[in-house]
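Trainee: Can you read through this structure? Questions will come right after.
The values are calculated or read from the model by the stated rules, or taken from the named source; none is laboratory data. Nothing here was measured: the structure is a model prediction, and the numbers come from that model. Cβ sites come from the backbone with ideal geometry, for glycine too, and all protein chains shown count toward neighbours.
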Amino acid sequence: MEIDIAARIIKHKKPIVIAFIIFTVISAAAQFAVSVNYNMTDYLPEEAQSTKALDIMQEEFDGSVPNTSVMMNEVTIQEALVFKEKLASIDGVTDVTWLDDAIDIKTPIEMADEETVETYYKDSNALFSFSIRAGDEVEITDEIYDLIGEENAMAGEALDTANQQKMAFTETMYAAALLIPIIILILVLSTTSWIEPVFFLTAIGVSVLINLGTNIFIGEISFVTQSVAPILQLAVSLDYAIFLLHSFSDYRQKVADPKEAMRLAMKRSFPAIIASASTTFFGFIALMFMDFGIGSDLGLNLVKGILLSFISVMVFLPALTLMFYHWIDKTQHKALLPSFKNIGSKVVKLKVPSLLIVLLLLVPAFLAQSQTNFIYGIGEQPDTTRAGSDIEKIEEEFGKNTSMVLLVPKGDIAKEEELVQDLKENEHVKSVISYVSTVGAGIPPDYLGESVTEQFFSEQYSRIILQTNTEAEGDVAFGFIEDVHKTAEGYYGDGFYSLGESVTLYDMKNVVQKDNTVVNLLTVITIAIVLMITFKSISYPVILLLTIQSSVWINLSVPYFTDSSLVFVGYLIVSTVQLAATVDYAILLTEAYKENRKEMTALKAIKKTLDEKIFSIAISASILSSVGFILWITSTNPIVSSIGLLLGRGALLAFIMVVLFLPAILLVFDRVIEKTTWKPNFFKEK
């Protein structure tokens, strides 16, 4: 950092602190005006098939795709029809579909197709499908619960959204309440002042609140961003504050004037902070190139957060510290943890086993992490919640039930009838609601009133609703969608559209799989460039990226080896975030090793570096790991929970790799590093 900038910050410390406090207060208030979007469909790109289909459906038809279902126990057909009217009368509930929409119930139901009847009415239990207006899911589902009582059941996409909205704020507060004491404990153990951790948290806390408040200029953020971004920003940028205050503490022992000590600390810590911030910054920028909007939404917030954290640490923290440094002096205490002297010589003894184990794990981990069974939606609701137990009740009685809508060109009734017959023959189709199956192909639509035909026809399209027995996603569901598309293509070419939860998740799968390649490649390239500039070397970036990328692959391969599913959005975000956030550990160790290597042999340099830096790396890793595991424990949202678990485990794995594998590989490739680094000035033994 330029001396005059540091001097100006020190000179104007009071106005700086006041300005930051004002910005923080305004931002804290402004964040409540930022709306949160819980609908993952909105984050699909405009060119996605289901996005186009939804636009056409909204333009052409009054109705929408059923996204919720209710099961009423022990009702007669007449009672079910009365309930259907009550359900339809709730403001925000539309397109209530039941047995009377699929067959003519004036005739005895014994004469109707048994499978069609049992899709809606079985053993005196009635299953209704309907749509809930987006944006009002909480209020509408609460009203439906009041109508159906405790003994009946409700499930569906809209209910999942309502539950996420109810839990999001509570869970964020719960996570913060658990996390902040843990971080304070870690920081107290790592410092020699009781008050110093408060300075760390204040500097980053201010930047987190300003970041949340400035989202008002974006207008809306995703529920993933709301749940993950503030805690993630805190975890990955706390190091910047630690670097600065540790430097300040060192210079206080050498320089009498606190202002001069701070100026020197700012100058010394600036390269380490800018290198650390740059790798994280560019890693998060890669997320912004995702076609799937949740990734770019989170990426933008994290990039903004890193910039604000950097400014806060380099401008606000020095000013704040100089105003209250005497508090640090008054609250000094002895080191609470033993020193890590001679740990380097013990770690170096593990050099060969470390290399062998990582090399043996590398290829299987790389292959396994790409073969994991992925979930693309919210995932299953826990059995302990009412939503989870209601799903079980409905599936126990009616099996799996997912709605899909086909929009086909209007006009050729005979062709439509052939298509419907083909669809009915599919083993996964439980029932079809269309003009030809409900009214009949023999009755011209022109003879009937608009009240009858409007649910089936628009100006340009015919609407066909399928009830299927597949899950919302998975190989069977996605295979079924491809089969339906092939069938429809045989009649209408590419002139048809499909929509529904399964179709959305199918499109999401195709979008995010492309994103995966782009984002990972961009992350590696941008971080490699930053590392090349930082170390003026070709070999250091390769060694550092191999170390951290190996920990990413091992982390992401665990679900495959444990035969568990992984939420893909979590996988995609963590594969970027873990690399961007934990490469700092490798930078910290390598930077110190490079300096030590100028004065001693490789073996002595690595031992000394480990003795000096293992404690700092352990503190950073324990904070990020705590953040991850607390998100995993506290969140009922499977996406947020999976991000937490991967992040917590990833930070621990990165720490192990940096402490055991990186020193080993630095020793093995010492000669290569010297030849591929500009002016290495390595120590030569006489």
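Trainee: Looking at the structure I just gave you, is residue 304 surrounded by 15 or more Cβ atoms within 10 Å (Cβ to Cβ) and of a type in the set (Lys, Arg)? Break it down into steps so the answer makes sense when it comes.
Mentor: Values: surrounded by 15 or more Cβ atoms within 10 Å (Cβ to Cβ): yes; of a type in the set (Lys, Arg): yes.
So residue 304 passes the test.
Trainee: Something else about it: Could you grab me the full set of residues in the range 396-423 that are assigned to a helix (DSSP H, G or I) and touching a helix residue (DSSP H, G or I) at 6+ places or on another chain (Cβ under 8 Å)?
Mentor: Step one: filter the range 396-423 for residues assigned to a helix (DSSP H, G or I), giving 396-398, 413-423.
The answer is 398, 413, 415, 416, 417, 418, 419, 420, 422, 423.
Trainee: Please list, ordered by residue number, the strands (runs of 3 or more DSSP E) wholly in the range 92-166 having 3 or more residues that are in contact with a Cys (Cβ under 6 Å, 6 or more places away or on another chain) and farther than 30 Å from residue 439 by Cα. It would help to see each step written out before you state the result.
Mentor: On the way: elements: 93-97, 125-132, 153-156.
Here the list is empty.
Trainee: Could you list, in sequence order, the residues of the range 32-45 that are more than 17 Å from residue 513 (Cα to Cα) and either buried (at least 20 other Cβ atoms within 10 Å of the Cβ) or without any contact (Cβ under 8 Å) to a residue 60 or more places away in the chain (or both)? Reasoning before the result, please.
Mentor: Applying the first criterion (more than 17 Å from residue 513 (Cα to Cα)) to the range 32-45 yields 32-39, 42.
Residues satisfying the conditions are 32, 37, 38.
Trainee: Sticking with this structure for a sec: Looking at the range 128-168, which of the residues that are at negative phi and among the small types (Gly, Ala, Ser) is modelled with the lowest pLDDT? I'd like the intermediate steps shown before the answer.
Mentor: Pass one, the range 128-168, residues at negative phi: 128-134, 136-148, 150-155, 157-168.
Next, from what is left, pick out any that are among the small types (Gly, Ala, Ser): 129, 131, 134, 153, 155, 158, 162, 168.
On the way: 129: 90, 131: 90, 134: 82, 153: 94, 155: 91, 158: 88, 162: 88, 168: 74.
Ranking the qualifying residues of the range 128-168, first place goes to 168.
Trainee: Now a separate question. Looking only at the range 16-29, which residues are under 20 Å from residue 226 (Cβ atoms) and either at pLDDT below 95 or surrounded by fewer than 17 Cβ atoms within 10 Å (Cβ to Cβ) (or both)? It would help to see each step written out before you state the result.
Mentor: Step one: of the range 16-29, the residues under 20 Å from residue 226 (Cβ atoms) are 24, 26-29.
Scanning the range 16-29 gives 26, 28, 29.
Trainee: Test residue 610 against the criterion of being over 30 Å from residue 566 (Cβ atoms) and in contact with a Pro (Cβ under 7 Å, 6 or more places away or on another chain), and give yes or no.
Mentor: Numbers: over 30 Å from residue 566 (Cβ atoms): yes; in contact with a Pro (Cβ under 7 Å, 6 or more places away or on another chain): yes.
Yes, satisfied.
For (1) charged (D, E, K, R); (2) more than 18 Å from residue 298 (Cβ to Cβ); (3) over 21 Å from the mean Cα position of the chain (by Cα); (4) at pLDDT 90 or above, each residue gets a yes or a no:
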{"residue": "593", "(1), (2), (3), (4)": "no, yes, yes, yes"}
{"residue": "604", "(1), (2), (3), (4)": "yes, yes, yes, yes"}
{"residue": "609", "(1), (2), (3), (4)": "no, yes, yes, yes"}
{"residue": "646", "(1), (2), (3), (4)": "no, no, no, yes"}
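Trainee: Would you point out which residue out of 437, 431 is over 29 Å from the mean Cα position of the chain (by Cα), of a type in the set (Ser, Thr, Tyr) and assigned to a strand (DSSP E or B)? So that I can check it myself, show each step before the final result.
Mentor: On the way: 437 fails: assigned to a strand (DSSP E or B).
One residue alone meets the criteria, 431.
Trainee: Same structure again: With respect to residue 49, is the statement that it is among the polar types (S, T, N, Q) and at pLDDT below 85 true?
Mentor: It is false that residue 49 is among the polar types (S, T, N, Q) and at pLDDT below 85.
Trainee: Go through the range 128-149 and count every residue that is buried (at least 23 other Cβ atoms within 10 Å of the Cβ) and out of contact with any Leu (no Cβ under 9 Å at 6 or more places or on another chain).
Mentor: 1
Trainee: Residues of the range 40-80 being in contact with a Lys or Arg (Cβ under 7 Å, 6 or more places away or on another chain) and either outside any loop (DSSP other than H, G, I, E, B) or among the acidic types (Asp, Glu) (or both), which ones? Talk me through it step by step, then tell me what you get.
Mentor: Here is the first cut: in the range 40-80, the ones in contact with a Lys or Arg (Cβ under 7 Å, 6 or more places away or on another chain) are 61, 71.
Selection gives 71 alone.
Trainee: Further, regarding this structure: Taking residue 526 as the residue in question, decide whether it is outside any helix (DSSP H, G or I), among the polar types (S, T, N, Q) and outside the structural domain of residue 589 (by TED's automatic domain parsing).
Mentor: Details: outside any helix (DSSP H, G or I): no; among the polar types (S, T, N, Q): yes; outside the structural domain of residue 589 (by TED's automatic domain parsing): yes.
Considered against the rule, which asks whether it is outside any helix (DSSP H, G or I), among the polar types (S, T, N, Q) and outside the structural domain of residue 589 (by TED's automatic domain parsing), residue 526 comes out as no.
Trainee: If you don't mind, there's one more thing I want to ask. If the requirement is being of a type in the set (Ser, Thr, Tyr) and either outside the structural domain of residue 21 (by TED's automatic domain parsing) or assigned to a loop (DSSP other than H, G, I, E, B) (or both), which of these qualifies: 384, 321? Can you show your working first?
Mentor: On the way: 321 fails: either outside the structural domain of residue 21 (by TED's automatic domain parsing) or assigned to a loop (DSSP other than H, G, I, E, B) (or both).
The unique qualifying residue is 384.
Trainee: Find the residue count for the range 612-624, including only residues that are surrounded by fewer than 22 Cβ atoms within 10 Å (Cβ to Cβ) and under 16 Å from the mean Cα position of the chain (by Cα).
Mentor: Qualifying residue count for the region: 0.
Trainee: Would you confirm whether or not the range 541-558 contains a residue that is closer than 24 Å to residue 231 by Cα and modelled with pLDDT under 90?
Mentor: There is no residue in the range 541-558 that is closer than 24 Å to residue 231 by Cα and modelled with pLDDT under 90.
Trainee: While we're looking at this one, here's another question. Looking at the range 403-442 only, could you name the residues that are touching a strand residue (DSSP E or B) at 6+ places or on another chain (Cβ under 7 Å) and acidic (Asp, Glu)?
Mentor: Listed by number, the list holds a single entry, 416.
Matching residues to (1) out of contact with any Ser or Thr (no Cβ under 9 Å at 6 or more places or on another chain); (2) surrounded by 19 or more Cβ atoms within 10 Å (Cβ to Cβ):
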site	(1), (2)
497	no, yes
532	yes, no
541	no, yes
554	yes, yes
565	no, no
